């Protein structure tokens, strides 16, 4: 089965697919408001430092395990673990990661459905169809399920086409489109009244806050979660990498591009929020800037509606941008359980996508119907608790279970002089001790705070 395993056809294809997986809705609303609430550019500086000090080593752990085993996360962790109770524990860890990725995709599909709803509302408004525009702009159970279904269908169709014809082909189209839309919207917003106040808050550092526990915890959490670490997406993508790819270089490129896209999101969102404030729209909840879904689905739509026809066009572009960001992340999440099904059962890739995607969508419908009881619980259990613990586990598997000679051999296949590099002098120790400790500290602090 491994002999026919698909691969990314180029470094660029992997880079865009992996960055697309990392660049999701959380980057758009999480990074800007985290920055504004934690010392402006001081937070940005700490974030970039920790992106390489924490997230990059953890990313390398997933990429190395993935390419070494060329398997889904369940099989990969079992392959590198000696027979016995450890191997059974490895399998359970892999299965848990698959369940977490599937649960994340359940609530992610619901949120992405809200994005699709606002996108369609803007499109119908431009077309002069006020009835459908009104229906899509007002939340309802039927609207949410319908739009989540559209997004789920898009995700299934892309993943069912395979690694090269589906994930890689669409990532190489969607991520550049996302960047172009981001730049165009940023240029437009920066010329609106009030934008400079948001830009100043974003770019002017308050270094007196740089050692505050909350700033450090927020920066570490943002750096770790923005790279989609802990649920096996990067491990799966690493398993599709060619053997001659330089892993340290390609991991660094993914980290840099993801950090830059997050920074670009801040250049758009923070000025847009203060443009809204200039128009009399409230952007604070108590002393904190409004963040998360309330920012995206309340503050900014109110801003767009106050801008007349130009606002409808801007809304269409903005929610198209969000839909692209959501789709490039969702396809990587669906690939995690699909890879297991394709490699361990006789089912075809297309069949696995429709079956697993359908089950996940049913979970999304349940979350929608029981929103108050389930949505917050699922988000907390997956992103705040499960992902950090899985991130620690993957670092330990790479650092302690996969032995040093195997690590070096895997890295040298695309980087012959790896043994003499600064990367090799630091990373094996770092992924064994420092990275798990930092993630654990972030996890403990986030629970306490």
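Against the condition closer than 30 Å to residue 216 by Cα and either touching a strand residue (DSSP E or B) at 6+ places or on another chain (Cβ under 9 Å) or surrounded by 13 or more Cβ atoms within 10 Å (Cβ to Cβ) (or both), how does residue 380 come out, does it pass? Walk me through how you get there before you give the answer.
Details: closer than 30 Å to residue 216 by Cα: yes; either touching a strand residue (DSSP E or B) at 6+ places or on another chain (Cβ under 9 Å) or surrounded by 13 or more Cβ atoms within 10 Å (Cβ to Cβ) (or both): no.
No; evaluated as a whole, the condition is false for this residue.
When you scan the range 234-281, how many residues do you find that are outside any helix (DSSP H, G or I) and either touching a strand residue (DSSP E or B) at 6+ places or on another chain (Cβ under 8 Å) or more than 18 Å from residue 311 (Cβ to Cβ) (or both)?
Total satisfying the criteria: 7.
For the range 203-233, which positions are within 16 Å of the chain's Cα centre (by Cα) and in a loop (DSSP other than H, G, I, E, B)?
226, 227, 228, 229, 230, 231, 232
Answer with yes or no whether residue 46 is at pLDDT below 80, in a helix (DSSP H, G or I) and surrounded by 23 or more Cβ atoms within 10 Å (Cβ to Cβ).
No.
Given the conditions (1) out of contact with any helix residue (DSSP H, G or I) (no Cβ under 7 Å at 6 or more places or on another chain); (2) assigned to a helix (DSSP H, G or I); (3) at pLDDT below 95; (4) closer than 29 Å to residue 391 by Cβ, report the number of the one that residue 171 does not fulfil.
In the conditions (1) out of contact with any helix residue (DSSP H, G or I) (no Cβ under 7 Å at 6 or more places or on another chain); (2) assigned to a helix (DSSP H, G or I); (3) at pLDDT below 95; (4) closer than 29 Å to residue 391 by Cβ, residue 171 misses (1) alone.
Does the range 116-136 contain any residue that is crowded, with 19+ Cβ neighbours inside 10 Å, modelled with pLDDT of 95 or more and within 29 Å of residue 385 (Cα to Cα)?
Within the range 116-136 (the criterion being crowded, with 19+ Cβ neighbours inside 10 Å, modelled with pLDDT of 95 or more and within 29 Å of residue 385 (Cα to Cα)), the answer is yes, since at least one residue qualifies.
Considering each residue of the range 364-377, count those that are surrounded by 15 or more Cβ atoms within 10 Å (Cβ to Cβ) and under 20 Å from the mean Cα position of the chain (by Cα), and give that number.
The number of residues fulfilling the criteria is 2.
Which residues, counting only those in the range 246-290, are modelled with pLDDT of 90 or more and at positive phi?
Once the filter is applied, which keeps residues that are modelled with pLDDT of 90 or more and at positive phi, the range 246-290 yields only 280.
Here is a yes/no grid of residues against (1) in contact (Cβ under 8 Å) with a residue 60 or more places away in the chain; (2) farther than 26 Å from residue 263 by Cα; (3) part of a helix (DSSP H, G or I):
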| residue | (1), (2), (3) |
| --- | --- |
| 120 | no, yes, yes |
| 133 | no, yes, yes |
| 143 | no, yes, yes |
| 159 | yes, yes, yes |
| 183 | yes, no, yes |
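Criterion first (out of contact with any strand residue (DSSP E or B) (no Cβ under 8 Å at 6 or more places or on another chain), touching a residue at least 40 places away in the same chain (Cβ under 8 Å), buried (at least 16 other Cβ atoms within 10 Å of the Cβ) and assigned to a helix (DSSP H, G or I)) does residue 178 satisfy it?
So residue 178 passes the test.
Can you tell me which residues in the range 330-355 are closer than 16 Å to residue 150 by Cβ and either without any contact (Cβ under 8 Å) to a residue 60 or more places away in the chain or within 17 Å of the chain's Cα centre (by Cα) (or both)?
330, 331, 334
Is there a residue being touching a residue at least 24 places away in the same chain (Cβ under 8 Å), over 25 Å from residue 425 (Cα atoms) and in contact with a strand residue (DSSP E or B) (Cβ under 9 Å, 6 or more places away or on another chain) anywhere in the range 70-84?
Taking every residue of the range 70-84 in turn, none turns out to be touching a residue at least 24 places away in the same chain (Cβ under 8 Å), over 25 Å from residue 425 (Cα atoms) and in contact with a strand residue (DSSP E or B) (Cβ under 9 Å, 6 or more places away or on another chain).
Select from the range 51-85 the residues that are in contact with a helix residue (DSSP H, G or I) (Cβ under 9 Å, 6 or more places away or on another chain), farther than 21 Å from residue 336 by Cα and surrounded by fewer than 22 Cβ atoms within 10 Å (Cβ to Cβ) and list them in ascending order.
52, 53, 82
The values are calculated or read from the model by the stated rules, or taken from the named source; none is laboratory data. The shown structure was predicted, so the numbers you read here are calculated from the model rather than taken from an experiment. Quick reminder, even Gly has a Cβ in these numbers, built from the backbone with ideal geometry, and neighbours come from all protein chains shown.
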